[in-house]
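Enquirer: Have a look at this one before I ask anything.
The values are calculated or read from the model by the stated rules, or taken from the named source; none is laboratory data. Everything numeric in this text was worked out from a predicted model, so none of it was measured. Glycine gets a Cβ as well: all are built from the backbone with ideal geometry, and neighbour counts include every protein chain shown.
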Amino acid sequence: MKIKRLPAGFVIPAQPVVASRPPSGPHWVHEIKHDGYRMIVRRDELTVRIYSRNAYDWTARLLTIASAAECIKAKSFTIDGEAVVLGPDGLSRLLGETKAGIVLNEHVVGDGYTVFEHACRIGAEGIVSKKVDGTYRSGPCSAWIKVRNPTCIACSGSAATSWNR
């Protein structure tokens, strides 16, 4: 069932453009693409809500993240991110417990292809490259480019097509 009316303050997430090779050059930064659930964390005064990319309210399911968001010293904000459980190697896991709430996924400055090769070697889902001076835009966003690791289990076969992450 699709939501007919979006919740107040909900931001439709940016969708990276899928490519076979990452961009390179001084105008791009790169980050590891984790396999998790895309979430929008929204705070408006005292209320924190966590929404799926399709605007379903997941706040009650992700109380650790909601509690962490309540501790951020800002009256209002929107965070577009991936809800994941990180293993000891820093890669996402499908199952597990975590005590962390919100962790910044650091970007890497450097050659996109070198970063992508490293991500593939460590077993990451891939990378997302972001244009340094790009503007965040809801929906398809050419300032964000996603390159999938072809050997990653989550990216293989029809799973990568149907999951549309």
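Enquirer: Would you be able to tell me the number of residues in the range 27-63 that are touching a residue at least 40 places away in the same chain (Cβ under 8 Å) and not small (Gly, Ala, Ser)?
Expert: First, the residues of the range 27-63 that are touching a residue at least 40 places away in the same chain (Cβ under 8 Å): 27-41, 49, 51, 53-57.
Add one more test, that the residue is not small (Gly, Ala, Ser), and what stays is 27-35, 37-41, 49, 51, 53-54, 56-57.
Count: 20.
Enquirer: So, of the residues in the range 99-122 that are modelled with pLDDT of 90 or more and part of a loop (DSSP other than H, G, I, E, B), which turns out to be surrounded by the most Cβ atoms within 10 Å (Cβ to Cβ)?
Expert: Selected residue: 107.
Enquirer: Hey, another quick one. Suppose we keep only residues that are surrounded by fewer than 17 Cβ atoms within 10 Å (Cβ to Cβ) and either among the charged types (D, E, K, R) or at pLDDT below 80 (or both) within the range 127-153. Which one would you say is farthest from residue 105 (Cα to Cα)?
Expert: Filtering the range 127-153 for residues that are surrounded by fewer than 17 Cβ atoms within 10 Å (Cβ to Cβ) and either among the charged types (D, E, K, R) or at pLDDT below 80 (or both), the one farthest from residue 105 (Cα to Cα) comes out as 153.
Enquirer: Now, a different point. Out of all the residues in the range 1-19, which are over 13 Å from the mean Cα position of the chain (by Cα) and at pLDDT 95 or above?
Expert: Passing the criteria: 17, 18, 19.
Enquirer: Return the residues of the range 1-50 that are among the hydroxyl-bearing types (Ser, Thr, Tyr) and within 28 Å of residue 123 (Cα to Cα); say none if nothing qualifies. Lay out the reasoning, then the answer.
Expert: Let us first name the residues in the range 1-50 that are among the hydroxyl-bearing types (Ser, Thr, Tyr), namely 20, 24, 37, 47.
Across the range 1-50, the qualifying residues are 20, 24, 37.
Enquirer: Just name the residue that is modelled with the highest pLDDT out of those in the range 154-165 that are at negative phi and part of a loop (DSSP other than H, G, I, E, B). Give the steps one after another, and end with the answer.
Expert: Within the range 154-165, the subset at negative phi is 154-156, 158-163, 165.
Then drop every residue that is not part of a loop (DSSP other than H, G, I, E, B), which leaves 156, 165.
On the way: 156: 58, 165: 45.
Among those that are at negative phi and part of a loop (DSSP other than H, G, I, E, B), it is 156.
Enquirer: So for the range 80-98 (the condition being basic (Lys, Arg) and not in a strand (DSSP E or B)), does at least one residue qualify?
Expert: Of the residues in the range 80-98, the ones basic (Lys, Arg) are 93.
Within this subset, residues satisfying the condition of being not in a strand (DSSP E or B) are none.
No.
Enquirer: From the residues in the range 60-79 that are farther than 13 Å from residue 44 by Cβ and part of a helix (DSSP H, G or I), which one is nearest to the chain's Cα centre (by Cα)?
Expert: 65
Enquirer: While we're looking at this one, here's another question. What pairs can you find where one residue is in the range 140-164 and under 11 Å from residue 16 (Cα atoms) and among the β-branched types (Val, Ile, Thr), the other is surrounded by fewer than 18 Cβ atoms within 10 Å (Cβ to Cβ) and at pLDDT 95 or above, and their Cβ atoms are less than 6 Å apart, with a gap of 6+ or different chains?
Expert: Pairs found: 145/17; 145/19; 145/23; 147/19.
Enquirer: Looking at the range 82-96, I want the residues that are basic (Lys, Arg) and have a partner that is at pLDDT 85 or above with Cβ atoms under 6 Å, at least 6 apart or on another chain. Which pairs are those?
Expert: Listed by first residue and then by second, the contacts come to 93/85.
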